[in-house]
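A.B. asks: Sharing a structure below in structure tokens format, with a few things to ask.
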Amino acid sequence: MAGRKPIPSNLKVLRGTDQKCRMNPHEARPNPEIPSAPRHLSREALMEWGRITDELHRLGLLSNIDRAALAAYCQAYGRWSEAEAQIYADPDNPRLTTVTANGTTIQHPLVGIANSAALLMHKFLTEFGMTPSSRTRVAAAGNREKNKQGFAALG
């Protein structure tokens, strides 16, 4: 489908860009809650799950139906973290390249795994408002009220 992706109403409210004419009155509004972590997540992915779920819930950006997207992000984070750890297991000799059986130097497969996981992570980070640029468009509800009061005092 052409055009911009629709922005969920809760993100519009947090960003301060909500306008009655642009809100979808029929949009699904799931209850904010922290979903349980899937059992298949790696150790690194589970650590990331625990690190970010409280923050996303506090901002009202997490519900049970977000479980799969969050799990995919966390698993990508786990793969990226594990690949990077293996690449730099020996800091003096990082495994960035490898030599094939016929003597050709190529990028080490772990570098490709880390790069692919980083790209996937970025897509999910943007969806949840967790990159610096996407975060500038999101403000917590309390901060939005403070900003309104600050502007009222000016004029």
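A.B. asks: Which condition does Gly112 not pass, out of (1) more than 19 Å from the chain's Cα centre (by Cα); (2) at pLDDT below 95, if it passes all the others?
C.D. replies: The number of the failed condition is (2).
A.B. asks: What do you reckon, is Leu11 in a helix (DSSP H, G or I), surrounded by 16 or more Cβ atoms within 10 Å (Cβ to Cβ) and modelled with pLDDT under 90? Steps first, please.
C.D. replies: On the way: in a helix (DSSP H, G or I): yes; surrounded by 16 or more Cβ atoms within 10 Å (Cβ to Cβ): yes; modelled with pLDDT under 90: yes.
The answer is yes for Leu11.
A.B. asks: Could you check segment 47-93 and list, in sequence order, the residues that are within 28 Å of Gln107 (Cβ to Cβ), without any contact (Cβ under 8 Å) to a residue 40 or more places away in the chain and among the hydrophobic types (A, V, I, L, M, F, W, C)?
C.D. replies: In the first step, residues of segment 47-93 are kept if they are within 28 Å of Gln107 (Cβ to Cβ); the result is 47-48, 72-93.
Restricting the remaining residues to those that are without any contact (Cβ under 8 Å) to a residue 40 or more places away in the chain gives 47-48, 74-75, 78-79, 81, 83-93.
Met47, Cys74, Ala83, Ala85, Ile87, Ala89, listed by residue number.
A.B. asks: Still on this model: Across segment 115-138, what is the total count of residues that are among the hydroxyl-bearing types (Ser, Thr, Tyr) and either outside any loop (DSSP other than H, G, I, E, B) or modelled with pLDDT of 95 or more (or both)? Talk me through it step by step, then tell me what you get.
C.D. replies: Within segment 115-138, the first condition is being among the hydroxyl-bearing types (Ser, Thr, Tyr), and the residues that meet it are 116, 126, 131, 133-134, 136.
Retained after the next criterion (residues that are either outside any loop (DSSP other than H, G, I, E, B) or modelled with pLDDT of 95 or more (or both)): 116, 126, 133-134.
Number of matching residues: 4.
A.B. asks: With the requirement that a residue be more than 14 Å from the chain's Cα centre (by Cα), over 9 Å from Cys74 (Cβ atoms) and not in a helix (DSSP H, G or I), what does segment 39-60 give you?
C.D. replies: Residues of segment 39-60 more than 14 Å from the chain's Cα centre (by Cα): 39-44, 46-47, 58, 60.
Filter once more, so that each one left must be over 9 Å from Cys74 (Cβ atoms): 39-40, 43, 58, 60.
Within segment 39-60, Arg39, His40, Gly60 meet the criteria.
A.B. asks: Right, something else. Kindly check whether there is at least one residue in segment 86-95 that is under 17 Å from Ala118 (Cβ atoms), of a type outside the set (Phe, Trp, Tyr), over 17 Å from the mean Cα position of the chain (by Cα) and assigned to a helix (DSSP H, G or I).
C.D. replies: So in segment 86-95, the residues under 17 Å from Ala118 (Cβ atoms) come out as 86-88, 94-95.
Still in the running and of a type outside the set (Phe, Trp, Tyr): 86-87, 94-95.
Okay, now just the ones that are also over 17 Å from the mean Cα position of the chain (by Cα), so 86-87, 94-95.
Add one more test, that the residue is assigned to a helix (DSSP H, G or I), and what stays is 86-87.
Yes, there is a match, as at least one residue in segment 86-95 is under 17 Å from Ala118 (Cβ atoms), of a type outside the set (Phe, Trp, Tyr), over 17 Å from the mean Cα position of the chain (by Cα) and assigned to a helix (DSSP H, G or I).
A.B. asks: Got at least one residue in segment 62-78 being outside any helix (DSSP H, G or I), surrounded by 15 or more Cβ atoms within 10 Å (Cβ to Cβ), modelled with pLDDT under 95 and not aliphatic (A, V, I, L, M)?
C.D. replies: Taking segment 62-78 first, the residues outside any helix (DSSP H, G or I) are 62-63.
If we keep only those that are surrounded by 15 or more Cβ atoms within 10 Å (Cβ to Cβ) as well, we get 62-63.
Checking the rest, the ones that are also modelled with pLDDT under 95 come to 62-63.
Keeping just the survivors that are not aliphatic (A, V, I, L, M) gives 63.
For segment 62-78, residues outside any helix (DSSP H, G or I), surrounded by 15 or more Cβ atoms within 10 Å (Cβ to Cβ), modelled with pLDDT under 95 and not aliphatic (A, V, I, L, M): present.
A.B. asks: While we're looking at this one, here's another question. Output the residue which, of all residues in segment 79-94 that are of a type in the set (D, E, K, R) and modelled with pLDDT under 95, is surrounded by the most Cβ atoms within 10 Å (Cβ to Cβ).
C.D. replies: First pass over segment 79-94, keeping only residues of a type in the set (D, E, K, R): 79, 82, 84, 90, 92.
Filter again for modelled with pLDDT under 95, leaving 90, 92.
Numbers: Asp90: 9, Asp92: 5.
The residue in question is Asp90.
The values are calculated or read from the model by the stated rules, or taken from the named source; none is laboratory data. Keep in mind that what you see is a predicted model, and the values were worked out from it rather than measured. FYI the Cβ positions are ideal-geometry reconstructions off the backbone, even for glycines, and counts take in every protein chain you see.
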